[in-house]
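Below: one structure, written as structure tokens.
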Amino acid sequence: MSKIRVCVAGATGWAGSALSRGIFAAPDMELVAAIARSHAGQVLGEAIGVPGLSTPISATAAEALKVKPDVLVEYTRPESAKVNVLAALGSEAHVVVGTSGLTNDDYRDIDDVARQAKRGVLAVGNFAITAVLLQKFAEIAAKYIPHWEIIDYAQSSKIDAPSGTARELAARLSKVRESQLDVPLDAMQGPKESRGVRLEGSQVHSVRLPGYVISVDAIFGIGDQKLILRHESGTSPEPYVTGALLAIRKVGGLVGLHRGLDSVMDL
Ligand SMILES: NC(=O)c1ccc[n+]([C@@H]2O[C@H](COP(=O)([O-])OP(=O)(O)OC[C@H]3O[C@@H](n4cnc5c(N)ncnc54)[C@H](OP(=O)(O)O)[C@@H]3O)[C@@H](O)[C@H]2O)c1
């Protein structure tokens, strides 16, 4: 069986370097290209301390895509992600998006291009299994409980808010229904910002503080009862590797945009 040829954009970063190690160790994958600006021209193994990993690092997607990978994983930053995804689709690669901060408009554009190119894009706000399960359980809860709010927590240096996890959760719950507000935002007293942002029918609050990594609460309330679903990750990027490897294996069977890892899991 031929190996899946993978390019990782953001291969020297916190998440991308852990994934690159995982791909290097995976028997069914080959890491054929890597993208990062500050280590461009170097070999990835030297940049991230993996002996024997000889993948060259390119500064741009255009350069890296010359080796025609089957799959590009986007793990850079919100401002470079869309350009890299569209470049990959233009090069006939399938795409896994781990980067957060892309908007629904970005994803609509990406879906159009992916369908025209007959390529798959799998965008996953959070590859960790406990986050994937939270999304699934929250969808079930929203069928029975009409009131909920989402709180996302991250380190103070995270530049995008709400997090990809919170955006994806709001998008998914909007397909069930909109959360009910007993006091509409227009009727409330005090600054409306205190109620968070209304995102696709959910109230979403983002906390950015030193000491936090990535966690999210989906809080449901109904007549004298509460359900609090919480995903909490530790400080290592390891929880994201297994899910991202699964996404790389599955994305080649997709056409157009698909959101959430459970779209390729048997849940
Ligand atoms: N979906 C998930 O489960 C999940 C998990 C973890 C993180 N994330 C998201 O993934 C993204 C990356 O997170 P991180 O913590 O790994 O960030 P990071 O440590 O800052 O790494 C970013 C990587 O992207 C490269 N990069 C940044 N801008 C670039 C550009 N314009 N062109 C080419 N390369 C560029 C960086 O290298 P240079 O600066 O040298 O270019 C570095 O290799 C964030 O959006 C984060 O929220 C998602």
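The values are calculated or read from the model by the stated rules, or taken from the named source; none is laboratory data. Note that the coordinates shown come from a computational prediction; the quantities given were computed from them, not determined experimentally. Cβ placement follows ideal geometry from the backbone for every residue including glycine, while neighbour counts extend to all protein chains displayed. Side chains are part of the model used for accessible areas, which takes the heavy atoms of the whole protein and leaves out ligands, DNA and RNA. Shrake-Rupley method; radii C 1.70, N 1.55, O 1.52, S 1.80 Å.
Provide the per residue accessible area, probe 1.4 Å, for the range 1-134, rounded to a whole number of square angstrom. Walk me through the numbers on the way to the answer.
Details: 5720 Å² over 134 residues.
Solvent-accessible surface per residue comes out at 43 Å².
Count charges around Val216 for me, please; just the other residues with Cβ under 12 Å from its Cβ, Lys/Arg as +1, Asp/Glu as -1. Numbers along the way, then the final one.
Details: positive: Arg167, Arg230; negative: Glu149, Asp152, Glu168, Asp217, Glu232.
Net of charged neighbours comes to -3.
Return a whole-number percent for the relative contact order of the range 1-120, with Cα pairs under 8 Å and 6 or more residues apart as the contact set. If you can, show how the numbers build up before the last one.
Values: 231 pairs, mean separation 27.4, N = 120.
Rounded, it is 23 percent for the range 1-120.
What's the carbon and sulfur percent of the chain's accessible surface, probe 1.4 angstrom, rounded to a whole number?
Numbers: 6800 of 12620 Å².
Ligands and nucleic acids excluded, carbon and sulfur reach 54 percent.
Quick one: what Rg and Dmax do you get for the range 132-171 from the alpha carbons, in Å?
For the range 132-171, the Cα-based Rg and Dmax read 11.7, 36 Å.
Under 15 Å between alpha carbons, and skipping anything fewer than 8 positions from Lys66 in its own chain: which aspartates and glutamates qualify?
Filter leaves Glu92.
Could you check the spin-label model distance between Leu185 and Arg5? Points 7 Å from the Cα along Cα→Cβ, value in nm.
Rounded to a tenth, the inter-label distance reads 4.7 nm.
Tally Lys/Arg at +1 and Asp/Glu at -1 over every other residue whose Cβ is under 14 Å from the Cβ of Gln155; what's the total? All intermediate terms of the calculation are to be shown ahead of the outcome.
On the way: positive: Lys158, Arg208; negative: Asp152, Asp160, Glu232.
In short, -1.
Taking trypsin sites (Lys or Arg not before Pro) as candidate sites, keep only those in a DSSP loop with at most 16 other Cβ atoms within 10 Å, then name the longest stretch of the chain containing none of them. List each step's numbers first, then the result.
Values: sites that count: Lys3, Arg37, Lys118, Lys175, Arg177.
It runs 178-267.
Is there a quick way to get the dipole size of the chain? I mean about its Cα centre, with the Cβ of Lys and Arg at +1 and of Asp and Glu at -1; what is the value in debye to the nearest 20? If you can, show how the numbers build up before the last one.
Numbers: 28 positive and 29 negative charges, 75 e Å.
It comes to approximately 360 debye.
Taking the range 166-267, which GluC sites (Glu not before Pro) meet the DSSP loop condition and have no more than 15 other C-beta atoms within 10 Å? Working shown, then result.
Working: sites: Glu168, Glu178, Glu193, Glu200, Glu232; in loops: Glu178, Glu200.
Listed in order of number, the matching sites are Glu178.
Show me the GluC sites (Glu not before Pro) within the range 1-83 that DSSP assigns to loop and that have at most 13 other Cβ atoms within 10 Å of their Cβ. Intermediate results must be reported in sequence, preceding the final value.
Numbers: sites: Glu30, Glu46, Glu63, Glu74, Glu79; in loops: none.
Hits after loop and neighbour filter: nothing returned.
Over all directions, how big on average is the projection of the convex hull of the alpha-carbon atoms in the chain, in square nanometres? Intermediate values should be presented prior to the final figure.
Numbers: hull surface 60.3 nm².
Averaged projected area of the chain's Cα convex hull equals 15.1 nm².
Counting Lys and Arg as +1 and Asp and Glu as -1, what is the net charge of the other residues whose Cβ lies under 15 Å from the Cβ of Ala131?
Details: positive: Lys136, Arg167, Arg172, Arg230, Arg259; negative: Glu139, Asp152, Glu168, Asp217, Glu232, Glu238, Asp262.
Counting the neighbours of Ala131, the net charge comes to -2.
List, in the order given, every pair from Lys158/Lys192; Lys143/Lys175; Lys82/Lys175; Lys68/Lys118; Lys143/Lys226 whose Cα-Cα distance in the structure shown is over 18 Å.
Working: Lys158/Lys192 23 Å; Lys143/Lys175 10 Å; Lys82/Lys175 24 Å; Lys68/Lys118 16 Å; Lys143/Lys226 15 Å.
Long pairs (Cα-Cα over 18 Å): Lys158/Lys192; Lys82/Lys175.
Calculate, for the range 182-267, the solvent-accessible area per residue in square angstrom, rolling a 1.4 angstrom probe over the heavy atoms of the protein chains.
Details: 4880 Å² over 86 residues.
Ligands and nucleic acids excluded, the figure is 57 Å² per residue.
For the range 1-62, what is the relative contact order in percent, using Cα pairs closer than 8 Å and at least 6 residues apart in sequence? Before the final figure, lay out the partial values.
Values: 114 pairs, mean separation 19.9, N = 62.
The value is 32 percent.
What does the helix-only formula give at 222 nm for the chain: each DSSP H stretch with n ≥ 4 adding -39500 (n - 2.57), the total divided by the residues, and the result rounded to the nearest 500 deg cm²/dmol?
-10000 deg cm²/dmol
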